[in-house]
Amino acid sequence: MSGATGANGARRKPIVAGNWKMNYGPTEGREFAESILGDLIAIPQVESVLCPPAITLTAVHAVTDGAVKLGAQNMYFEARGAYTGEISPTMLQGLCTYVILGHSERRGYFGETDELVNRKAKAAFEYGLRPIVCVGERLEDRDANLTERFITTQVKGSLGGLPAERLSELVVAYEPIWAIGTGRAATAQDAADVVSLIRAQLAELYGAEVVAGVRVQYGGSVTSANIAEFAANPAIDGALVGGASLTPDFVAIVQCVAEVKG
Ligand code: 13P
């Protein structure tokens with residue numbers, strides 16, 4: 001198996017997730033998933049995850065049928081009740097393996113706080129879903145040399161109190177906000193530096209041995225043209241891809257990760 005070494009010498013399997021954001025309804029989503037499914041299945045060295053909008057999950061699940069894993073883009077932490085417009089963890093069970101939580105667009109446009117993201121992450125574990133928790137600083141923070149402080153606050157606030165014995169199910173996505181949808185990706189070295197910081201903060205919470213099994217992805221303007229640089233860095237376990245996950249370039253990204261990490 002490819003990937004960096006985690007707890008007890010086990011290797012961390014590279015993971016590339018496609019966050020479709022608010023694109024592709026059920027019909028388009030099913031057609032697109034069908035068009036890339038065979039190619040993704042042919043790259044078993046990398047865990048590929050498709051994250052369609054909630055309303056599209058069932059249609060995509062009907063074609064992937066477990067052969068490629070699915071993730072939701074968000075969920076609420078309660079199992080049921082009077083929460084108009086929300087999706088619960090129990091609704092995702094059986095459809096999704098993963099759920100993206102705390103994406104910067106949720107934090108920025110919909111006011112999600114570290115505390116809320118933390119409640120959602122705990123609920124994901126409680127209901128058998130694997131959280132992909134996003135953290136990342138704004139350009140102002142980076143320019144003011146506040147990246148470390150900002151990321152530390154987000155990691156401690158969003159990722160505390162999780163079940164340590166299941167931490168290898170956690171994925172963290174480092175997505176600097178200034179790199180998302182801008183065409184201006186971070187350098188692999190800058191990304192790896194923050195990934196190391198994330199691991200160090202997690203190690204303070206859970207111990208280094210447990211944290212060695214946690215996968216950390218980079219996200220922000222990833223394409224098949226720049227993924228090799230990120231994949232070549234052993235600290236970076238894969239990518240969370242936005243725009244490029246809506247096209248066959250997603251397959252090229254997964255293929256490249258398989259080749260570079262292989
Ligand atoms: P882009 O790849 O479009 O920059 O989006 C990154 C992202 O936000 C993935 O969650």
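The values are calculated or read from the model by the stated rules, or taken from the named source; none is laboratory data. Since this is a predicted model, take the numbers as computed values, not measurements. Note that each Cβ is placed from the backbone with ideal geometry, even for glycine, and that neighbours are counted across all protein chains shown.
If you scan the stretch 126-147, which residues turn out to be in a loop (DSSP other than H, G, I, E, B) and away from the ligand (no atom under 16 Å from the Cβ)? If the condition is that a residue be in a loop (DSSP other than H, G, I, E, B) and away from the ligand (no atom under 16 Å from the Cβ), then TYR127, GLY128, LEU129, ALA144, ASN145, LEU146 are the ones that fit.
A quick yes/no check of all residues on (1) touching a Gly at 6+ places or on another chain (Cβ under 8 Å); (2) at pLDDT 95 or above; (3) more than 16 Å from ASN19 (Cβ to Cβ); (4) of a type in the set (A, V, I, L, M):
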{"site": "MET75", "(1), (2), (3), (4)": "no, yes, no, yes"}
{"site": "TYR98", "(1), (2), (3), (4)": "yes, yes, no, no"}
{"site": "ASP114", "(1), (2), (3), (4)": "yes, yes, yes, no"}
{"site": "VAL117", "(1), (2), (3), (4)": "yes, yes, no, yes"}
{"site": "GLU148", "(1), (2), (3), (4)": "no, yes, yes, no"}
{"site": "LYS156", "(1), (2), (3), (4)": "no, yes, yes, no"}
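Kindly indicate whether any position in the stretch 38-61 is modelled with pLDDT under 95, touching a helix residue (DSSP H, G or I) at 6+ places or on another chain (Cβ under 7 Å) and surrounded by fewer than 15 Cβ atoms within 10 Å (Cβ to Cβ). Scanning the stretch 38-61, I find no residue that is modelled with pLDDT under 95, touching a helix residue (DSSP H, G or I) at 6+ places or on another chain (Cβ under 7 Å) and surrounded by fewer than 15 Cβ atoms within 10 Å (Cβ to Cβ), so the answer is no. Where residues in the stretch 134-152 are among the β-branched types (Val, Ile, Thr) and farther than 19 Å from ALA208 by Cα, which of them is surrounded by the fewest Cβ atoms within 10 Å (Cβ to Cβ)? Among residues in the stretch 134-152 that are among the β-branched types (Val, Ile, Thr) and farther than 19 Å from ALA208 by Cα, the one surrounded by the fewest Cβ atoms within 10 Å (Cβ to Cβ) is THR147. Of the residues making up the stretch 206-230, those that are at positive phi and within 16 Å of the ligand (Cβ to nearest atom) number 2.
Among the residues of the stretch 231-246, is there at least one that is hydroxyl-bearing (Ser, Thr, Tyr) and within 11 Å of the ligand (Cβ to nearest atom)? Quick ask: steps written out before the conclusion?
First, the residues of the stretch 231-246 that are hydroxyl-bearing (Ser, Thr, Tyr): 245.
Subset that is within 11 Å of the ligand (Cβ to nearest atom): 245.
Yes, the stretch 231-246 contains at least one residue that is hydroxyl-bearing (Ser, Thr, Tyr) and within 11 Å of the ligand (Cβ to nearest atom).
Test GLN201 against the stated conditions and say whether it is within 16 Å of VAL49 (Cβ to Cβ) and either polar (S, T, N, Q) or in contact with an Asp or Glu (Cβ under 9 Å, 6 or more places away or on another chain) (or both).
Numbers: within 16 Å of VAL49 (Cβ to Cβ): no; either polar (S, T, N, Q) or in contact with an Asp or Glu (Cβ under 9 Å, 6 or more places away or on another chain) (or both): yes.
Spelling it out, it is not the case that GLN201 is within 16 Å of VAL49 (Cβ to Cβ) and either polar (S, T, N, Q) or in contact with an Asp or Glu (Cβ under 9 Å, 6 or more places away or on another chain) (or both).
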